[in-house]
Each structure stands twice: as structure tokens, then as C-alpha cells.
Amino acid sequence: MIINKGTKLFLFLFYFFLTSCSLDNKTGIWKGLEDEKERARELERLQNRDLVTIYSSEVKVLEEIKAKKNIRLNTPNTNASWVMADLNEQNFKGNIFLSGIDNVFLKKKIGRNKFKISKVMSSPIIVENKIIFADDTGTIYNISKNGKKNWKKNIYKKLYKKIYKNLSFTAHNGVLYVSDNIGFVYAIHLNDGKIIWIKNFDIPFKSKIKVFEKKIFLINQDNRILCLKTKDGSKIWDIRSIGSFIKTQNFLPLSISKDGFLVTLVSSGDLVKSSLDNGKIFWSLNATASSFAHDTDFFTSSNIVISDDDVIFFASDAIYSFNFSNGYLNWKQNIKSNNTPIIDGDFVFLISNDGYFICLERKNGKIIWSTNILKILKEKKRETKITGFVMGSGKIYATTLNGYLIISSASSGNVESFKKIGGTITAPPVISEGSLYLLTENSKIYGFN
């Protein structure tokens with residue numbers, strides 16, 4: 001075969017280009033791909049390591065306190081949808097209308113359960129009579145209320161296939177906004193699942209995603225609070241907080257008041273009230289008042305609930321109430337939970353991790369009554385954890401890690417009944433249009449009315 005001079009020159013230049021790209025990282029042509037692969041490998045290593053739980057402070061030993069009289073609840077509100085984590089921007093749920101749970105109208109396994117490691121899952125959202133949720137591979141499903149699949153979407157490359165994905169959703173003006181535990185934020189059309197835009201911020205997000213007035217709000221693993229444009233995901237502003245050596249496995253709290261202020265809590269224990277427009281800080285304080293640096297290394301929290309002038313949440317080993325206007329502490333109770341409190345009128349309802357359903361006076365945090373709701377289960381089934389709860393028409397519906405739904409009176413605290421759902425439940429229940437929805441860890445979706 002005869003090779004002319006032009007062909008030889010082309011082959012030489014092509015060989016030089018290949019060797020330069022593969023050996024010289026200064027060009028940056030392939031360095032980005034290698035960085036992404038290394039990041040994926042590091043995320044996989046972190047997810048597969050052994051985790052040790054350490055309790056660094058004293059927690060109140062709870063006991064049952066019988067109610068002296070039934071408390072009066074507000075009339076249940078009917079909600080037509082559940083468009084984000086904890087229902088709305090304030091994470092305020094209250095007493096929601098629920099027709100009942102006798103009828104199981106939906107019971108279907110939709111997604112996959114690829115990863116066996118312990119993980120936190122997001123609850124489904126309900127919007128425009130559609131149910132939206134994700135499995136641990138990061139596949140998003142849009143199904144009808146009878147279980148028919150409308151569309152599914154997975155944006156992840158093969159290099160992320162060994163990493164479990166924990167997605168958070170907010171539906172807003174016909175668009176589904178999604179964040180994950182890898183560092184991606186993206187927008188999808190609700191009707192057909194088509195991608196609008198995708199951004200990779202390279203650092204895992206650790207809060208639920210919230211959208212307010214064309215802005216997206218998130219907290220990442222490094223305790224950085226970010227404000228992004230809904231149009232394309234570009235950054236508007238950010239707030240840098242003190243980092244923590246060991247990262248929290250729980251979602252970090254984020255709440256937006258009705259009049260447009262952001263309240264966040266990061267794993268260093270810093271509670272911050274800031275402006276949605278430019279990130280200006282109005283007040284900042286250390287909510288947990290940790291005496292030792294290692295206390296925040298195992299930080300746990302619930303979401304923040306804003307109601308009127310109260311900011312109420314769990315952090316580490318206590319529940320706190322702060323004044324929204326000035327950040328002053330109203331009261332504190334040493335009770336440990338990761339479950340978001342429910343406020344109804346003059347009362348705060350909570351369930352501790354070890355199964356005590358408690359009603360507090362909202363103004364001072366005084367315990368009115370306390371009931372161990374796990375006692376309704378057989379003794380060998382009581383070694384579990386409450387993973388979420390919701391108030392439906394004056395009753396509390398609490399899910400357990402080992403797959404039970406426990407029903408109690410919110411007026412008296414008395415336990416009434418339970419249902420065996422089956423499978424591990426890590427996502428809190430949600431209510432929409434009088435129906436209750438549950439998602440198990442193996443991606444089986446249930447609907448009750």
C-alpha cells in the first residue's frame with residue numbers, strides 16, 4: 001500500500017493529538033471526565049463504608065403521661081395536591097382531611113430496589129392527579145392513581161450506576177424540579193418527562209428542594225446555602241456556613257415563610273434567617289449550643305416548621321421553638337426525633353424516634369400527654385423506629401421502619417389500631433384529596449381511602 005506525504009502528515013498529527021490529550025492534563029479535554037469518574041468512585045466508597053452511631057448528649061427518658069382531657073383540634077383542611085416535601089414552603093401540614101384508610105385502591109410495585117444499604121427516601125408528591133416518586137437507581141416515575149405508568153426518566157450515566165440516588169422533588173407551574181445526593185439539579189416537564197435543563201454542582205445536596213418566586217433553594221453537603229434560577233439552574237447567590245467533618249445522612253432543614261424569608265439549619269448547628277432576594281442575613285445563631293466540636297459530627301434534624309412567629313424543629317437531641325422575628329429561643333424540650341413536628345392551633349404534635357407520641361403546649365413546650373404507640377405491636381416487633389407521620393381528620397398515621405402503619409387519636413393520644421404494610425418504610429406518608437399514600441423502600445406504592 002502506497003501512503004502519500006499528505007496522508008503521513010495527517011496520521012502524524014492525529015497521533016500527536018491523541019497522545020497529547022491522553023497524557024497532558026493541562027489541555028483539560030478529558031480531565032473533566034476523569035474528575036467525574038473519580039467523584040463517582042468516592043461517592044460509592046462513602047455509601048459502602050460501615051456507619052457507627054454515637055450519642056454525645058443526654059436525652060430525656062420518656063414515660064407515658066395520660067391526657068387529663070381531650071384537646072380541641074382545628075377543622076381538617078382539604079388539600080388537592082402535595083407538591084413538595086412536607087406539603088408546602090413552610091413545612092406546615094396541620095390537620096388534613098382524610099376520608100379513611102379502609103379501602104386499598106392502589107398497591108403496586110413500580111420501581112427497583114437495587115441497593116440493600118440503609119437509605120433515606122423521599123415521599124411521593126401528588127400533582128394534577130398524578131403520583132411522582134423515584135426508586136434508588138434515580139429513575140423518576142409518573143403514574144396515575146390506578147397505577148398506570150405515564151412516563152419514567154433517568155438522567156444518570158453508567159459511571160453512577162453503583163451509587164444509590166436519593167431524589168427530592170418540587171412541582172411548580174407545570175415543571176418538576178429535582179435535586180439529588182450526587183450534586184445534580186434538573187428540571188423536567190411534568191406532562192411528558194422531557195428534560196428542560198440539567199446542572200451538576202459536583203457536591204451532594206443535603207436538603208429538600210424548595211421553589212419560591214422563580215428561585216430554587218438548596219443546602220449542599222458543605223453547608224452552603226444556594227439560590228438558583230428556575231429558568232436554567234444558574235446560581236443567583238450563596239451563603240457559606242461552617243462545615244462539619246462528618247457529613248449528616250439526614251436531610252438538612254430549609255423553610256420559606258409566606259412573606260418571603262428563608263430559614264435554614266446546617267450541620268454545624270447554625271440557624272440562619274436570610275433574604276430570598278440577595279441572601280442578606282437578618283440573624284444567625286447556634287441553635288444546638290454544642291459545647292464540644294464532636295457533637296455536630298453526628299448531626300440529625302427534622303425539617304423546620306414556620307407558623308406565624310414560631311420556628312419549630314428537632315435538632316440533635318431536642319425540639320426547639322424560636323421567635324421568627326428576632327431569633328430568640330422560646331423553649332426547648334430534650335426529646336430526640338428526626339420527624340417533622342405538626343402544629344395545629346395551640347398544640348405541637350411530635351413522635352420521638354423510639355415511638356412516643358407527644359403533645360406539647362405551643363407557647364411554652366410543656367408536655368400535655370405522652371403515649372408509647374409501639375406498645376400496640378407484638379413485643380418482638382417493637383424494636384423499630386418511627387419514620388414519619390401525618391395528621392388526617394384528627395388522627396395520627398405513623399409509619400415504622402419495619403413496615404407498620406399505626407393509627408392514634410390526636411385529641412387524646414390513645415392508640416387505636418395498626419396495619420401491617422410489609423417491607424421497609426423510610427418515607428413519611430402523605431395525604432391528597434382525602435387519600436393516604438405510602439412508599440416502601442422496595443418501591444411499592446400504596447393508596448388508601
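The values are calculated or read from the model by the stated rules, or taken from the named source; none is laboratory data. A quick note: this is a predicted structure, and the numbers were derived from the prediction, not measured. All Cβ positions, even for glycine, are placed from backbone atoms using ideal geometry, and neighbour counts span all protein chains on display.
Points to keep in mind about this one:
- Scanning segment 416-449 for residues that are touching a residue at least 40 places away in the same chain (Cβ under 8 Å) and either assigned to a loop (DSSP other than H, G, I, E, B) or closer than 13 Å to Ile351 by Cα (or both) turns up Thr426, Ala427, Pro428, Pro429, Glu433, Glu441, Asn442, Ser443, Asn449.
- Within segment 359-374, residues that are over 21 Å from Ala398 (Cα atoms) have Cβ atoms under 9 Å from residues that are among the basic types (Lys, Arg) in these pairs: Gly365/Lys332, counting only partners at least 6 apart in sequence or on another chain.
Yes or no, residue by residue, for (1) out of contact with any strand residue (DSSP E or B) (no Cβ under 7 Å at 6 or more places or on another chain); (2) part of a strand (DSSP E or B); (3) more than 22 Å from Phe322 (Cα to Cα):
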position	(1), (2), (3)
Thr340	no, no, no
Val348	no, yes, no
Leu374	yes, no, yes
Lys380	yes, no, yes
Thr384	no, no, yes
Ile396	no, yes, yes
Thr399	no, yes, yes
Ile406	no, yes, yes
Ser412	yes, no, yes
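- The set of residues in segment 127-166 being in a loop (DSSP other than H, G, I, E, B), touching a Ser or Thr at 6+ places or on another chain (Cβ under 6 Å) and at pLDDT 95 or above consists of Asn154 alone.
- Screening the candidates Tyr177, Tyr186 for the property of being within 16 Å of the chain's Cα centre (by Cα), in a strand (DSSP E or B), closer than 22 Å to Lys229 by Cβ and not β-branched (Val, Ile, Thr) yields one hit, Tyr177.
- Scanning segment 353-365 for residues that are on the phi < 0 side of the Ramachandran plot and modelled with pLDDT of 95 or more yields a total of 9.
- All positions within segment 272-304 that are modelled with pLDDT of 95 or more, of a type in the set (A, V, I, L, M) and surrounded by 16 or more Cβ atoms within 10 Å (Cβ to Cβ): Val272, Leu276, Ile304
- In segment 391-449, the qualifying residues are those that are at pLDDT below 95 and charged (D, E, K, R), and the one that is surrounded by the fewest Cβ atoms within 10 Å (Cβ to Cβ) is Lys444.
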